[in-house]
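Below you'll find the structure, written out as structure tokens, and then a few comments.
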Amino acid sequence: MPRAERREQIIDAATRAFARAGYSATGLDDVATEAGITRVLLYRHFESKNDLYRAVLAQAMARLDATIGEDFDENSIPALVRGAAADPDGFRLLFRHAAREPEFRDVVDGLRAMSTEIARRELAAVIPPGPWYDWAARLLPSVTLEAVIAWLDAGQPDPEHAAERVGRLVGAVIEAAST
């Protein structure tokens, strides 16, 4: 198998393994078994478990970025739901598991800062500056992501209307901050 293809196979297997048990409880032997390779071959592609996990998170972010982009518009929530449905393990790793691991806090903090900045840009047109504007800008990314994770955990019910339901939550936060 070509090196790039093997690396992709390992990252995909690691995504599944880490999503099942989290970073701390998953060993490199678990990843090697999931990938159907030896641990020696795993080390030819990744120097450490930390290095592998960062590659998994980077791939999940790249897939999500390719799906949703960086601007918020009427297609953003549907794109987020589609991205989560296409890579549920990667989505959970980014927004649930990595947040619990101190050594990957930089990744989570970067995502949170980016999401909050996007929310600030969009909210500026509908909420005046002040404490409720700040509250909504911090809350919207959390509510949106938790709603999508809860939807994944519930088995992805009613996928054709999931984005609409998440959008109603977003609207409720904006309304609460506006009144």
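FYI, it's all coordinate maths here, none of it is from the lab. What you see is a predicted model; the values in this text were computed from it and never measured. Neighbour counts run over all protein chains shown; Cβ positions are idealised from the backbone, glycine included.
Explain nothing, just compute: Karplus ³J(HN,Hα) = 6.51 cos²θ - 1.76 cosθ + 1.60, θ = phi - 60°, for every residue of the stretch 126-136 in order, whole Hz, x for Gly and Pro.
Taking θ as phi minus 60°, the curve returns 10, 10, x, x, x, x, 6, 5, 4, 4, 5 Hz for the stretch 126-136.
Once the other residues with Cβ under 13 Å from the Cβ of Tyr43 are scored (Lys, Arg +1; Asp, Glu -1), what is the net sum? Intermediate results must be reported in sequence, preceding the final value.
Numbers: positive: Arg6, Arg7, Arg39, Arg44, Lys49; negative: Asp29, Glu47, Asp51.
Here the count lands on +2.
Want the number for Arg7 to Ala79: 0.36 nm per residue separation, take away the alpha-carbon distance, what's left?
Here the answer is 23.2 nm.
Mind checking which of Leu42, Ile77, Phe104 is farthest towards the positive end of the stretch 1-107's charge dipole, using Cβ charges of +1 (Lys, Arg) and -1 (Asp, Glu) about the Cα centre?
Leu42
Residues of the stretch 50-82 with amide nitrogen under 12 Å from the 7 Å Cα-to-Cβ point of Gln156?
Under 12 Å, as judged by backbone N against the label point of Gln156, lie 81-82 of the stretch 50-82.
Between Ala58 and Ser142, what length in nm is gained on full extension when 0.36 nm per residue of separation is reduced by their alpha carbon distance? Please list the in-between numbers first.
On the way: separation 84, 0.36 × 84 = 30.24 nm, distance 2.01 nm.
Full extension of this stretch gives 28.2 nm more.
Between Arg100 and Thr33, with labels modelled 7 Å along Cα→Cβ, what's the label distance in nm to one decimal, could you check?
Label-label distance for Arg100 and Thr33, simple model: 2.0 nm.
Each residue of the stretch 6-11 in order: what ³J(HN,Hα) in whole Hz does its phi give by Karplus 6.51 cos²θ - 1.76 cosθ + 1.60, θ = phi - 60°, with x for Gly and Pro?
Computed from phi, the couplings for the stretch 6-11 are 5, 4, 4, 4, 5, 4 Hz.
Tell me, what ³J(HN,Hα) does each residue in the stretch 86-100 have, in order and in whole Hz, if you take phi through Karplus 6.51 cos²θ - 1.76 cosθ + 1.60 with θ = phi - 60° and put x for Gly and Pro?
6, 9, x, 5, x, 4, 5, 4, 5, 9, 10, 5, 4, 5, 8
Net charge near Val126, counting Lys/Arg +1 and Asp/Glu -1 over other residues with Cβ under 15 Å of its Cβ? Could the numbers behind the result be given before it?
Values: positive: Arg120, Arg121; negative: Asp73, Glu74, Glu122, Asp134, Glu175.
Value of the local net charge: -3.
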